[in-house]
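For reference, the structure is listed below as structure tokens.
The values are calculated or read from the model by the stated rules, or taken from the named source; none is laboratory data. This one's a predicted model, so the numbers in the text were calculated from it and none came from an experiment. Here the Cβ positions follow ideal geometry from the backbone for every residue, glycine too, while neighbour counts run over all protein chains shown. Just the protein is used for accessible areas: all its heavy atoms, side chains included, with ligands, DNA and RNA removed. Shrake-Rupley method; radii C 1.70, N 1.55, O 1.52, S 1.80 Å.
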Amino acid sequence: MDAADEKGETPQISEDTAHQIGVDPWYQVGFVLTTGVNSAYVLGYSGSIMVPLGWIGGTCGLLLAAAVSMYANALLARLHEVGGKRHIRYRDLAGHIYGRKIYGLTWALQYINLFMINTGFIILAGQALKATYGLFSDAGVLKLPYCIAISGFVCALFAFGIPYLSALRIWLGFSTLFSLIYIVIAFVLSLRDGITSPARDYSIPKSSGSTHVFTTIGAVADLVFAYNTGMLPEIQATIRPPVVKNMEKALWFQFTVGSLPLYAVIFMGYWAYGSSTSSYLLNSVTGPVWVKAVANLSAFFQTVIALHIFASPMYEYLDTKYGSGRGGPFEIQNLAFRVVVRGGYLTVNTLVAAVLPFLGDFMSLTGALSTFPLTFVLANHMYLMVKGPKLSAIQKLWHWLNVVGFTALAVAAAVSAIRLIMRDSSTYHFFADV
């Protein structure tokens, strides 16, 4: 009997779901994970990670973050069938182990995490649209808030037509294609610029003591954000048995082959432009207008698909809780429900994105408030709670060090991100055309 049962605090967890469970092969789940890692966010990491950390700090940080992220996600994957049943939602797993209060806290953290990620995706899609427009016109009529509104509308149209995560299927192939297009173009154009340009400055930008510390902490939060979804149990819920073995295959795919494009574009972008690298790499590269337009539009369409992945836990909750539960996903009442409910959710996302279009700050705050706690703190502590009696003293100490260390990093990163948002909010007005 687990601790929550002993206290009589186990929440009433429903195993019902309106979405498909246990039907996807491991490689499809691997592509879902890879879609998140190689989303258009990668076009910002040269500026948000490498510039503040430099060659040594950035390279070591990326490799170390990959290692600890793989480890933490593997721990979480091994807990998927605790108690003899599948836990298809992160909050269900936490509720089974800890009880009702942590069930609610985990739910809140996860949905803050996913809301922030989705807001960032809409900002990113808006930036890609604006960059495309800027290639063909310098009139400045199509401003960022308008591009964000268009992006939110397209994301909503896609959400209406894709009822659940497993239904992405062929769209994951399109997502991979779009990712390869903008990554290859960014890589090649950066390489060409780097060969022809004079020596770059790779020194870490100078700033006051406190500003430098907060910027460095923000970059560390971005490192964690780059590899993690904050919704591993929901993704694992779609995989075929054996669920732990197959999920470990998918994770190995994500952190080996799946991460190579990410490294390629980050390092090439920083090599080519040094400390002047833009927060959106395609704004730094030079080349044929049509090539840059293809890259930006590919980033836009890939972002639409990636957002759907990170919105799927919210969709699953809304569909299961409030949907009719009758007929197929494209019955008129179910389609109308998605239009109203998902459209409303994405309208709020889009409004927040337009009001505060500070992409880097959202990445840092998301990493601090939820990615650190969900991926590292809770994963290690839940593993201690479940496997504790079988662990040696050294193993227990290791997991406790992870819990304490990542808790401290989460607090520091949250303070840093909030400070950055306050600074940028004072520099730019709401609905800023940044």
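Can you find, among 153, 309, 408, the residue sitting farthest towards the positive end of the charge dipole of the chain, where Lys and Arg contribute +1 and Asp and Glu -1 at Cβ?
Final value for the positive-end residue is 408.
Once you have all Cα-Cα distances for segment 169-245, histogram them in 5 Å bins from zero and send the whole-percent values.
3, 10, 8, 12, 16, 16, 13, 9, 7, 5, 1
Scan segment 259-338 for chymotrypsin sites (Phe, Trp or Tyr not before Pro) in coil per DSSP, keeping those whose Cβ has at most 11 other Cβ atoms within 10 Å, and list them by number.
In loop regions of segment 259-338 (DSSP not H, G, I, E or B), the sparsely surrounded chymotrypsin sites (Phe, Trp or Tyr not before Pro) are 330.
Test of understanding: what is the full-extension gain from residue 320 to residue 291, defined as 0.36 nm times their sequence separation minus their Cα-Cα distance?
The residue 320-residue 291 span can extend by a further 6.1 nm.
Taking the Cα centre of segment 251-371 as the origin, how large is its charge dipole in debye, to the nearest 20, when only Lys and Arg (+1) and Asp and Glu (-1) carry charge on their Cβ atoms?
Roughly 140 debye for segment 251-371.
Over the chain, with every protein chain in place, what whole percent of the accessible area is carbon and sulfur at 1.4 Å, could you tell me?
Percent of accessible area from carbon and sulfur atoms in the chain: 70.
Can you compute the FRET efficiency between residue 252 and residue 404 using 1/(1 + (r/R0)^6), with r the Cβ-Cβ distance and R0 = 25 Å? Round to the nearest 0.05.
So, using R0 = 25 Å, E works out to roughly 0.35.
Across bins of 10 angstrom width beginning at 0, how are the C-alpha pair distances of segment 24-427 distributed, in whole percent?
5, 23, 34, 26, 11, 2, 0
About the Cα centre of the chain, what is the dipole size in debye to 20, counting +1 per Lys and Arg Cβ and -1 per Asp and Glu Cβ, all else neutral?
It works out to roughly 280 debye.
At most 16 other Cβ atoms within 10 Å and a DSSP loop assignment: could you name the trypsin sites (Lys or Arg not before Pro) in segment 258-340 that fit?
Of the trypsin sites (Lys or Arg not before Pro), the ones in loops of segment 258-340 whose Cβ has at most 16 other Cβ atoms within 10 Å are 326.
Using per-residue counts of other Cβ atoms within 10 Å, averaged over each peptide, order 69-76, 215-222 from highest down.
Taking the mean over residues of other Cβ atoms within 10 Å, the ranking is 215-222, 69-76.
So which trypsin sites (Lys or Arg not before Pro) in segment 14-88 pass both tests, a DSSP loop state and at most 13 other Cβ atoms within 10 Å of the Cβ?
85
Quick check on packing: order 158-166, 227-235 by the mean number of other C-beta atoms within 10 Å, highest mean leading.
227-235, 158-166
Once label points are set 7 Å from the Cα along Cα→Cβ at both residue 394 and residue 275, what is their separation, rounded to one decimal in nm?
4.3
If packing is taken as the average number of other Cβ atoms within 10 Å across a peptide's residues, how do 183-193, 382-392 rank, most packed first?
Packing order, densest peptide first, comes out as 183-193, 382-392.
Scaled to the compact-protein estimate 2.2 N^0.38 Å, what is the alpha-carbon radius of gyration of segment 225-313, rounded to two decimal places?
1.38
Show me, for segment 237-245, the HN-Hα J-couplings you get by feeding each phi into the Karplus relation (A = 6.51, B = -1.76, C = 1.60, θ = phi - 60°), rounded to Hz, glycine and proline as x.
Karplus values, whole Hz, x for Gly and Pro: 4, 7, 7, 6, x, x, 5, 6, 4.
For segment 103-222, treating each Cα as an identical point scatterer without solvent, what Debye log10 I(q)/I(0) comes out at q = 0.09, 0.11, 0.15, 0.23 1/Å?
-0.45, -0.67, -1.16, -1.28
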